[in-house]
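Written below as structure tokens is the structure these notes are about.
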Amino acid sequence: MPSVIGLLEERERAAAERVEVLRTEADRVLAALREAELDWERFVVSRETVVEVLAGPDGVSEADTLASGDPEPSPSPSPSGAVPGSVVPEWCEGLVVSVLSPEYQRIMTVLIAAQRALFCKELASELGVEPVAAKVEGVRSKANRLVRQGWLVKEPSGRFALRAGVRGGGS
């Protein structure tokens, strides 16, 4: 008759082997996930860059203008001052954060809550973004777009801060 200790040791070895097999598989899956996330982030940044490049000075993309057949785009501002269809409307007095799309509102909300200028990595961390270069660059791209449209200012140190007069409230 086998000993109880011997049986337990045998089952312990089998369990340890199973754990090792699963760890190896998990490492392989995590590496594949990281690679897929980097590919995905490159496409996100590329798409945002193309939208930014195609956006005219009034916020309407040239592709939208060409598709509609209207040679002279004439978007009408909404009551809030934002141009419909714009990626990020140009900030003006009285415009509030709620006119921005949710991804840009999140950036603004973090900076409002921080009450200080943040480096892009700090901003990304506060947004819960994984600290990989591609994802941080996606946040930097959005923050720079907010700078160009007058919502944020970029300090010489590279930190992003709210522009004076920007409000976080509703409409």
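The values are calculated or read from the model by the stated rules, or taken from the named source; none is laboratory data. Note that the coordinates shown come from a computational prediction; the quantities given were computed from them, not determined experimentally. Every residue, glycine as well, gets a Cβ built from its backbone with ideal geometry; the counts of neighbours run over all protein chains shown. For the accessible areas, the whole protein counts, side chains as well, though only heavy atoms, and no ligand, DNA or RNA atoms are used. Shrake-Rupley method; radii C 1.70, N 1.55, O 1.52, S 1.80 Å.
Taking the criterion of being at pLDDT 90 or above and of a type in the set (A, V, I, L, M, F, W, C), the residues of the stretch 115-135 that qualify are Ala117, Leu118, Phe119, Cys120, Leu123, Ala124, Leu127.
Per the conditions (1) open to solvent by 50 Å² or more (accessible area, probe 1.4 Å); (2) within 12 Å of the chain's Cα centre (by Cα), the sole criterion not satisfied by Arg116 is (2).
Here is a yes/no grid of residues against (1) open to solvent by 50 Å² or more (accessible area, probe 1.4 Å); (2) at pLDDT below 85; (3) β-branched (Val, Ile, Thr):
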| site | (1), (2), (3) |
| --- | --- |
| Leu33 | yes, no, no |
| Leu38 | yes, yes, no |
| Val44 | no, yes, yes |
| Glu48 | no, yes, no |
| Val53 | yes, yes, yes |
| Gly56 | no, yes, no |
| Gly59 | no, yes, no |
| Val83 | no, yes, yes |
| Arg106 | yes, no, no |
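Please indicate, with yes or no, whether at least one residue in the stretch 134-146 is closer than 24 Å to Ala55 by Cβ, open to solvent by less than 10 Å² (accessible area, probe 1.4 Å) and among the small types (Gly, Ala, Ser). Yes - at least one qualifying residue is present in the stretch 134-146. Selection of the stretch 108-143 for residues being under 13 Å from Arg159 (Cα atoms) and either touching a residue at least 40 places away in the same chain (Cβ under 8 Å) or touching a strand residue (DSSP E or B) at 6+ places or on another chain (Cβ under 7 Å) (or both) yields Leu111, Arg116, Ala117, Leu118, Phe119, Cys120, Leu123, Ala143.
Scanning the stretch 159-168 for residues that are modelled with pLDDT under 90 and open to solvent by less than 40 Å² (accessible area, probe 1.4 Å) yields one hit, Val166.
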